[in-house]
Amino acid sequence: MKHTLIKKALSLAAASTMVLGVGAAHAKDSITIAVPSFLAGGAAGPFGIPAMNGAKMVTDAINKGTLPAPYNTKGFGGATAELIELDEGGGATKQVAEYRNLVEKRNVDAVVGYISSGNCQALAPIAEELKQFTIFATCGTPRIFEEAPRKYVFRTMGHATGDNVAAAKYVMEKFPDVKGYTAINQNYAWGQDSWRDFDLTMQQISKAKASEKVQFPKIFAGQYGSEISAMSLDKSDLIHTSFWGGDLEGFILQGAARGLFKKKKSLMTVGGTAAYRLGKKLPDGLIIGARGPYGILVKDLDTPLNKWFVETYKNIYGIYPSGPAYQYGQAILAAKVAYDKAGSDATDEQLGDALRGISFEAFSTTIKMALGGGHQAVTENGYGITKYDEASGENIVTDVKFYPASCVLPPEGVESVEWIKGGMKGAKC
Amino acid sequence: METFLTILLDGLQFSSYLFIVSAGLTIIFGVMKILNVCHGSFYAWGAYTAAFFIGKFSDMGMPDALGFLIIVAAAIVVGVVLGFIIEQGILKHMYHRDEVLIVLATFGLFLVLEDVILIAFGTDPYFAYQPMALLDSVEVGGIIRDVYGLSLIGVAAVVAVGCWYLLNKTKWGTILKAVIFDREMGISMGINVPLVYTMTFIGGAILGGLGGAYIAPTISVAPGLGTEVIVLSFAVVVVGGMGSIAGAAIGSVIIGILRALAVHELPQVELFVVFAVMAIVLVFRPEGLFAPAKPRKI
Amino acid sequence: MTSSKPILEVRNLLKTFGAVVAAKDLCVDVSPGEIVGIIGANGAGKTCFVNMVTGYLAPTSGSIMFEGMQLVGKGPREVTHAGISRSFQVSQVFHTMTVAENLMIALAIAENRGMAALKEMDTPELRDKRDAVLKRYHLEKHRDLTVSVLSQGVRKLLDIAMAVVSKPRILLLDEPTSGISVEEKFDFMDVVMGSLKEDKVTVLFVEHDMEIVERYVSRVLAFYQGEIIADMTPKKALADAKVQEFVIGKRH
Amino acid sequence: MLKDTTSKVVLFGGLALIVLGFFAPNWIVNQFMFGFSRALAILGLMVLWRTGLVSFGHAFYFGLGAYAVAIIDIQLGVSDVFLRLFAGAIVAGLAGFVLGFIMRNYRDIFFAMLNTAVSMVLYGIVVKTESLGSTDGFAISLPTIFGMAPETKYPLFVVITLIAIGAALGVNYYLKSTAGRLTTAIRDNEIRVEYLGYSVARAIHLKYTLSAILAGCAGALMANSLGQVDPDSMINWTVSGELVFVTILSGPGNVIAPFIGSLVFEVLRTYAFELAPQAWQLIVGATFLTVIFFLPGGIWSLIAKLGRNKS
């Protein structure tokens, strides 16, 4: 008797999974694209939400066919796309589990997004294992395409090396008399790579000494009192940080209150996102980048695609689009390009072939899938210096300078670290 | 010397907010023998409520000085409302259960409250910088410090003195100490223990909220705030001795200073040093450095 | 074995808690098969004595020899293994389990020492042994009741039954009849003493009830302020002036 | 060893699942792999819980198991699933045995807290050490089975299920042994156990080590089936809380309970996350409270009740 009932229990457990497991089937004339981004946590407001907005706005326009030429054809290879928005928080392992569900349970056609380098690094091998066409939108660590060749995974923006090589070059041009530099970066792939690339480049192109005590607080730590003190006491006159999202904004506010940015030059490779959100609270004279030609750096770039992007975004969301909005927008655009070429019923392989190695016009720049066997995009990369403009009541950037991809990114087949250590051979600036 | 002074101040600043939060935790444990995991939520709710209204009011053009009022108000409101609901709605019905089970219940509450924050305040971080901006900054030991941050130390001191006075100089204090020492004895002395419990929990919750509310202006108030602070204050309370205010004070100073020291001298160990201390204390002095006296029940 | 040679030799046993002297220079010899009653007012040091002999308390000084083995410095477990068991003033049993389960575990521990503890517990042999004990201690009718619902008397029986399954040579009972109604107490003691006699167990028991003492013991140890003030037959003891005054005192 | 119903159900139910799994879609197979992996840790916690001990830090052993796999994979390129499992079990087991000497002297809240402290020490080290992957952790290569690299997840599912069956049978047998029966006994009355001649400390030490080994295996298998480890989902205190939660959810009634409980948890989490990405913690937490209040015996008590009504 007890026998039967335990059996029942087991089968019940099994059954419940089965019943609940009816995956979302999809028709021919529509495709589902999963768009992971930070919807909660410190990274959501400044990064995740704008990114998601960018993705939604562009997808919407593509479905309606209202994008400027050459993208004014309706849909993705004719099919309207339905987005599945989901949170990329909770750690790489949770994301891996969720990704498996996306692919194997919810049968999405494409995955477009991801902000955290940690997640991208964890998911690249999984995507390959599951043979799932995936476009990384924002995450920056160069390791993804350098540690192994990929077949199904693409990234439509330049990686961290470009940000930091450009940063170093910019600093040495504008402030050649920098004596020493310290840094505060989050202790995960993104922060570690950023610091490594910046430090190596500085060693190559400057006499400045790196501080022996660079800070690597935990990501999303939120409080940097002691770190700020430590850096204030440090002899260096330049601070490098690849902080982003809530961490960056917290750091800027706490640092400003402690006069940190008056005391030292500060270089923020992802500072662009804070420019619009902090308004007057953003100190003048910060060297900020947007991880490429995005956000505040290209606000006034006068091309039809960019004008459309900036104006539409401002109209819908009441604020200028920041870097993440561009990056997710152009990743979605890449998906359209791939589908238009391969057709809406294309296999993951065909989509991959369609995107591999091509170059296409995005909202603010031309994206060349040049590295990682045609899977890793390269774009120019630039920096500017913040200034609060009383007249418009907005932050603007001055002294904007862009460096071509060939100048700040290694040639195909060369590992970033090796390239920089080797004196950045073949860099064309 | 400069470094020493800086480490000291950084440490104390960190200790201060740890202490305010931990004081609440330790009082609740001392009186009710409940290790309240959702104390982290009180902290988070305090921070959110304060940040939210400071922002609102300054948008409405009210004077920024109001911020300090809001901070206190936020702490009290959060403490009273959440504290009352949780104690009356959940915990009251569990006092007969195994104490570990109660810990788990508060863990469940913690998970729930974490997400209720998202629903109530959304995912966007809040900045309540006004009070901090108001107090400007001073140069101490060769580096600039925001007066607001330093004032945290004062607030902690006030809380400490307040608790000490309450416990040692008032009728309430004697009652509390009686209950802390021996619940049964308290009952036999005709103390209205259920009332004491409710008040204690609310009081503890207020302190938890105050910790969050006061730190709010210095951080970007974002979800997931409570997760780290709760284990930190566990460490504090364990090191100091569960249920002892003095212990919480010492515990938070030790941990605050150690952490600051780590950040300045050996950043890699920053996180783990705290819990190493906690483990060591548990191994060699399970009752903590300042364990309150316990009745012999053999 | 020569019954002349004492099975338990207690020499100059001293126990102090700070200023309080709970046991002062105790010297006792107990011969095999003796039934010894330990009497004395509350706080006279009776339970303290039992706790020291059974390894629950470590004496401040002195020695306790059992069959030529030094017990001082041994814990409850070693003492049990050596062959001394005890029951408790407040019965110490597994309150969420049934009587049968309690005995089963007691037997299993006694029978399966060391690696054998990893053998399946619930064997027919063990069940037979358990039923025997249940019968002997008149516990059959309670066998499947959870301890928490049992009366004090039954709990005490169970407590003692669990103590004897390890076949001790000495059994110490701490106030076996406390909390047992006047009607029950003699039947209770008959059951206990009966079975203990069968097994030729040497018994020391702490008791307040003089009727019980008169009826069951062959020898009395009277405690007063941590000292043994009388060591004689029950008859003599009850007549003894000191005992009258310090132990039975409030009788008249 | 297979005399009792439970063992039979474990064995035949398990084998039945292996057959069913062949026809089940991948994601369901995943749910079962994750569920069964975690269930091993729950088995150990269940034994502790029966003894009256709740560890709020077993993510320590879970994490050790997982990271052991990651490290031998990356450093030595060990891909065999059994070697990996063995490594996880050994590392966690040794750690558990050593710490056991301390842990066995602690009870209640102190036991819970000391475990938390220890796990957070490991967390602090891993998060701050780049060579240990810091916050990112490591991606883990697909496991091989007897040198074969399976195309699908099914073979791994079979392996995990077989291990689960083995563990369930083992623990079930242990719980019926004298040492095993000493769980409730110790919770009820340590003094009596000592006076019956059994060392409480040793008994608890044994159970603690057992739970550590099981948690280590769980971590190792989880790492293999997920292909990723990181501190926040393997070592952080919230993970320990999760493990305890599933233990309560399952109920201590029977060795099958942890497996059902873990499955329910996986499904609960998957759907909570799918339906309410921003409120899945709320759903989990609310379930937790509900179980604590209205289902002290966990899911198993429901099944047991079903049985009683049938009879």
Study note, to complete from the structure: When the stretch C:39-80 is checked residue by residue, the ones that are polar (S, T, N, Q) and buried (at least 17 other Cβ atoms within 10 Å of the Cβ) are C:47, C:51, C:54, C:80
Exercise for review: Give the residue that is nearest to the chain's Cα centre (by Cα), with candidates limited to residues of the stretch C:63-103 that are outside any loop (DSSP other than H, G, I, E, B) and acidic (Asp, Glu).
Suggested key: C:78
Point to revise | Residue that is of a type in the set (Gly, Ala, Ser) and more than 18 Å from the chain's Cα centre (by Cα), where the choices are B:154, B:186, B:162 | key: B:186
Point to revise | Criterion (within 14 Å of chain B (Cβ to nearest Cβ) and surrounded by fewer than 24 Cβ atoms within 10 Å (Cβ to Cβ)) met by exactly one of D:294, D:288 | key: D:294
Check your understanding: Listed residues D:256, D:260, D:299; which is more than 7 Å from every other protein chain (Cβ to nearest Cβ) and of a type in the set (A, V, I, L, M)?
Key -> D:299
Check your understanding: Quick check: is even one residue across the stretch D:270-280 on the phi > 0 side of the Ramachandran plot and not hydrophobic (A, V, I, L, M, F, W, C)?
Key -> no
Review point. For residue A:369, which of the numbered conditions (1) in the same structural domain as residue A:330 (by TED's automatic domain parsing); (2) in contact with an Asp or Glu (Cβ under 7 Å, 6 or more places away or on another chain) fails to hold?
Key: (2)
Point to revise | Matching helices (runs of 4 or more DSSP H) fully within the stretch A:161-260 where at least 3 residues are within 21 Å of the chain's Cα centre (by Cα), in the same structural domain as residue A:271 (by TED's automatic domain parsing) and within 22 Å of residue A:283 (Cα to Cα) | key: A:245-257
Exercise for review: Hey, could you check the stretch B:84-99 for residues that are assigned to a helix (DSSP H, G or I) and free of Cβ contacts under 8 Å to residues at least 24 places away in the same chain and say which is farthest from the other protein chains (Cβ to nearest Cβ)?
Suggested key: B:85
Point to revise | Residues being outside any loop (DSSP other than H, G, I, E, B) and either in contact with a Gly (Cβ under 9 Å, 6 or more places away or on another chain) or free of Cβ contacts under 8 Å to residues at least 60 places away in the same chain (or both) - total across the stretch C:163-195 | key: 14
Review point. Restricting to helices (runs of 4 or more DSSP H) lying wholly in the stretch D:156-270: which have 1 or more residues that are more than 30 Å from residue C:86 (Cβ to Cβ)?
Key: D:200-226, D:231-234, D:237-250
Study note, to complete from the structure: Residue pairs qualifying under the 7 Å Cβ cut-off, at least six apart or on distinct chains, with the first in the stretch B:147-168 being assigned to a helix (DSSP H, G or I) and the second being charged (D, E, K, R), are B:147/B:136; B:167/B:177
Check your understanding: Within the stretch C:81-94, can you find the residues that are crowded, with 21+ Cβ neighbours inside 10 Å and in contact with an Asp or Glu (Cβ under 8 Å, 6 or more places away or on another chain)?
Key -> C:86, C:87, C:88, C:91, C:92, C:93, C:94
Revision key, fill the gap. Only one of C:225, C:244 is without any contact (Cβ under 8 Å) to a residue 24 or more places away in the chain and in contact with a helix residue (DSSP H, G or I) (Cβ under 9 Å, 6 or more places away or on another chain), namely C:244
Check your understanding: Only one of A:194, A:211 is within 14 Å of another protein chain (Cβ to nearest Cβ), on the phi < 0 side of the Ramachandran plot and touching a residue at least 40 places away in the same chain (Cβ under 8 Å); which?
Key -> A:194
Exercise for review: Being farther than 23 Å from residue C:75 by Cβ and assigned to a strand (DSSP E or B) is the filter here, so list the residues in the stretch C:21-59 that pass it.
Suggested key: C:21, C:24, C:25, C:27, C:29, C:35, C:36, C:37, C:39, C:40
Practice item. Write out, first by first residue and then by second, each pair whose Cβ atoms fall under 6 Å of each other, whose residues are 6+ apart or on separate chains, and whose first residue, in the stretch A:364-379, is without any contact (Cβ under 8 Å) to a residue 40 or more places away in the chain while the second is part of a strand (DSSP E or B) and crowded, with 24+ Cβ neighbours inside 10 Å. Key: A:368/A:378
**Study point:** Residue count, the stretch B:174-213 (criterion: surrounded by fewer than 16 Cβ atoms within 10 Å (Cβ to Cβ) and part of a helix (DSSP H, G or I))
**Key:** 8
Check your understanding: Which residues, taken from the stretch A:256-302, are over 30 Å from residue A:367 (Cβ atoms) and facing chain B (nearest Cβ under 10 Å)?
Key -> A:256, A:257, A:258, A:259, A:260, A:262, A:263, A:281
**Study point:** Top-ranked residue of the stretch A:214-228 - restricted to ones that are under 14 Å from residue A:192 (Cα atoms) and at the interface with another protein chain (Cβ under 7 Å from one of its Cβ atoms), ranked as surrounded by the fewest Cβ atoms within 10 Å (Cβ to Cβ)
**Key:** A:218
Practice item. Could you please find all residues in the stretch B:100-132 being away from chain D (no Cβ under 14 Å) and either among the charged types (D, E, K, R) or surrounded by fewer than 19 Cβ atoms within 10 Å (Cβ to Cβ) (or both)? Key: none
Exercise for review: Run down D:54, D:127 and say which single residue is β-branched (Val, Ile, Thr) and either over 15 Å from the mean Cα position of the chain (by Cα) or over 30 Å from residue B:30 (Cα atoms) (or both).
Suggested key: D:127
Point to revise | Residue count, the stretch D:177-199 (criterion: among the hydroxyl-bearing types (Ser, Thr, Tyr) and more than 7 Å from chain C (Cβ to nearest Cβ)) | key: 1
Review point. Which of (1) within 14 Å of another protein chain (Cβ to nearest Cβ); (2) touching a strand residue (DSSP E or B) at 6+ places or on another chain (Cβ under 9 Å); (3) within 27 Å of residue A:139 (Cβ to Cβ) is the odd one out, the single condition residue A:165 does not satisfy?
Key: (1)
Revision key, fill the gap. Inside the stretch D:279-311, the number of residues satisfying the requirement of being over 23 Å from the mean Cα position of the chain (by Cα) and over 23 Å from residue B:90 (Cβ atoms) is 7
Check your understanding: So which residues in the stretch B:133-146 are of a type outside the set (D, E, K, R), surrounded by fewer than 17 Cβ atoms within 10 Å (Cβ to Cβ) and within 9 Å of chain A (Cβ to nearest Cβ), if there are any at all?
Key -> B:142
Study note, to complete from the structure: Residue count, the stretch C:97-153, condition buried (at least 19 other Cβ atoms within 10 Å of the Cβ) and hydroxyl-bearing (Ser, Thr, Tyr), comes to 1
Exercise for review: Go through D:94, D:64 for me and flag whichever is more than 11 Å from every other protein chain (Cβ to nearest Cβ), closer than 26 Å to residue B:259 by Cα and at pLDDT 95 or above.
Suggested key: D:64
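The rows are residues; the columns are (1) within 12 Å of chain B (Cβ to nearest Cβ); (2) at pLDDT below 85.
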| site | (1), (2) |
| --- | --- |
| D:228 | no, no |
| D:247 | yes, no |
| D:265 | no, no |
| D:274 | no, yes |
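The values are calculated or read from the model by the stated rules, or taken from the named source; none is laboratory data. Here the structure is a predicted model, which means the values were calculated and not measured. Note: ideal-geometry Cβ built from the backbone for every residue, glycine included; neighbour counts use all protein chains shown.
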